[in-house]
Amino acid sequence: MCTVSGAIARGDARALTRALVQVDSRNPDLVAGGPGEGPAAALLADVLRAWGFRVELQDTAPGRPNVLARIGDPSGGTLMFNGHLDVVGTEGMVHPPFAAEERDGRLYGRGSADMKGGVAAMCAAAVRAFDAGLRSEILIAAVTDEEWASLGTHALVAAGIGADAAIVTEPTRLAIMPAHRGFAWAEVTIHGRAAHGSRWDVGIDAIRHAGLLLAELDRIETTELPRRQHPLLGRPSLHASTITGGTGNSTYPDRCVLGVERRTIPGETGDDFVLELEGACARVREAKPEFRADVRLSLAAPPSDVQPGAPVVQMLAAALRDASAPVRIEGMSAWTDAAILNAAGIPAICFGPGDIALAHAAEEWVPLEEIDIATEVLTRLALDWHRAPSASREQ
C-alpha cells in the first residue's frame, strides 16, 4: 500500500488514484466499524503539502477531517475543486475492494469511480496548472460524509469558505452535468382499528387502506409526474420504498407505515411533496371516509441547477474542446454536494472520470484514460479561470 507522499510524483493522477483506493475509507455511518476518512485525508494532505499546497484540516466529526488545500493567487479569483473521500460498504464485491488492481486499462476498487479517480484528477490538475503559470487560485476541498449526511461540505459552507465557482468531480463519464435531481423522503402512517379477524364490523384494515393510497400514488407517478419536465433532467419520480404493518393473521392491523421517496427536479421542494401526499390522502378519504393517515417529511435535499450558458459550464466546454474531447452536457440522476454549494451561492457543476452506474456496485472501476483526460481538461480550465470570476458571480 502506497502511503508515502514522496512515492507519488508531482501531478501523477493515476498514482494518486491508486494510493487513495488502497486506503479503506468506508463511512462509519453506513458501515459498522468503518474507519472513516481520516487515513485517506492524512495521505492526501501529505501528498498535497509535498506538492506545494497550503493545506489545512477541518474537523467535521472525530477522526473525519476535510482536506482544504490551496495553490495559486487568490487575487485572480478562486475556483473550487470538490470531491468526497468516503466510500460505501464492500459486501458482495467480486474483486478485492482495496487492492487497486489495474487490468485492461481500468483501475478496480471500492471508490475508484465514486470518486477517488475524480479527487486525484482534480488535485493533479491544480498542481499542473500552477506549474504552467496559474494566474488564479485553486481550492481543493476533499470532504467527508457525502455518502450519508454531507457533513464535510456543510461544514465547508458553514465556515464561510467560498469560491467563484466549483467543479464537483463525481463520475460523469467526462460529460458536463450542470443539474441533478433532489430527493425527499416521507413516512405515511395509516391508522386502522385493531379487532379480531372475525369482526369485520369492528376492525379497520390499515394495510388495505394503505393499498388504496398506493393506488393513488401510482396514478400520480404514471399520469401527473410525466407532465413535469426539466431540459436536462427530464421528469421527477415517486416510489414506495418500505411498508410495515400488522401483528398476525387473525387480527385487523391498526397501523401501516409507508416509506415513500420522491426524486425532485428544480422548482420542487420537500414541502411540495408533503402537500402532494396530503392531497393523495384527501382523495382516498373522499371515497373511503374512515381512511385516516398522517404524513411526516423525514429528509429532503434540494435539486441542483446551473444554466448551460453559465460561465463555468462554457469554460469547461471550451477546455474539453481544447483537449480534443467531446463536449456533452447532460443531467445527473444522483444527488451530489453540488446542491449544497449552489445553495450557498457557489455555482457548482459535476464533471469527472468514471461511470455513476458503477458506484456502490459489486464491480467498481474507473478507466485510466478518463483520469488522464479529466486531469488535462481541469488543468486547462484552471489556467483560464482568471478571466471568469466576475462573470460567474453575475450568472
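Some notes on this structure:
- Using C-alpha pairs under 8 Å with a sequence gap of at least 6, the mean separation divided by the residue count of the chain gives a relative contact order of 24 percent.
- For region 197-234, trypsin sites (Lys or Arg not before Pro) meeting the loop criterion (DSSP other than H, G, I, E, B) and having at most 14 other Cβ atoms within 10 Å: R199, R228.
- Since only T269, G259, Q229 are under comparison, the one whose Cα sits farthest along the positive direction of the charge dipole of region 218-337, derived from C-beta charges on Lys, Arg, Asp and Glu, is Q229.
- The residues of the chain expose, per residue, 40 Å² of accessible area to a 1.4 Å probe.
- Candidate residues V377, V327: accessible-area rank, largest first, probe 1.4 Å: V327, V377
- Sequence-distant residues sharing a close amide H with D12 (under 5 Å, placed H): none
- Among T153, T247, T169: highest mean-square fluctuation, GNM of the chain, C-alpha pairs under 10 Å: T247
- The figure for T222 is an accessible area of roughly 80 square angstrom, using a 1.4 Å probe on the protein chains alone.
- Of the residues N82, I346, A15, the one whose Cα sits farthest toward the positive end of the charge dipole of the chain, with +1 on the Cβ of Lys and Arg and -1 on the Cβ of Asp and Glu, is I346.
- Heavy-atom surface analysis with a 1.4 Å probe gives the chain a carbon and sulfur content of 51 percent of its accessible area.
- The chain: C-alpha pair distances exceeding 41 Å, %: 23
- Taking label points 7 Å from Cα along the Cα-to-Cβ direction, D271 and R235 give a separation of 2.7 nm.
- Within a Gaussian network of the chain (alpha carbon springs, distance under 10 Å), most fluctuating of L341, L107, L258: L258
- Model label zone, L299; criterion: amide N under 19 Å from point 7 Å along Cα-to-beta-carbon; scope region 33-50: 33-37
- CD proxy at 222 nm, helix term only [per DSSP H run n ≥ 4: -39500 (n - 2.57); per residue of the chain; nearest 500]: -9000 deg cm²/dmol
- Entry note, region 82-239: relative contact order of 19 percent, from Cα contacts under 8 Å with a spacing of 6+ residues.
- Most mobile listed residue (A32, A334, A240) in the chain, GNM with C-alpha springs under 10 Å: A32
- Karplus (6.51, -1.76, 1.60) ³J(HN,Hα), θ = phi - 60°, over region 369-383, in Hz, Gly and Pro reported as x: 5, 5, 4, 4, 5, 4, 4, 5, 5, 5, 4, 4, 4, 4, 5
The values are calculated or read from the model by the stated rules, or taken from the named source; none is laboratory data. Since the model is a prediction, treat every value here as computed from it, not as a measurement. No Cβ is skipped: glycine too gets one built from the backbone with ideal geometry, and neighbour counts run over all protein chains shown. For the accessible areas, the whole protein counts, side chains as well, though only heavy atoms, and no ligand, DNA or RNA atoms are used. Shrake-Rupley method; radii C 1.70, N 1.55, O 1.52, S 1.80 Å.
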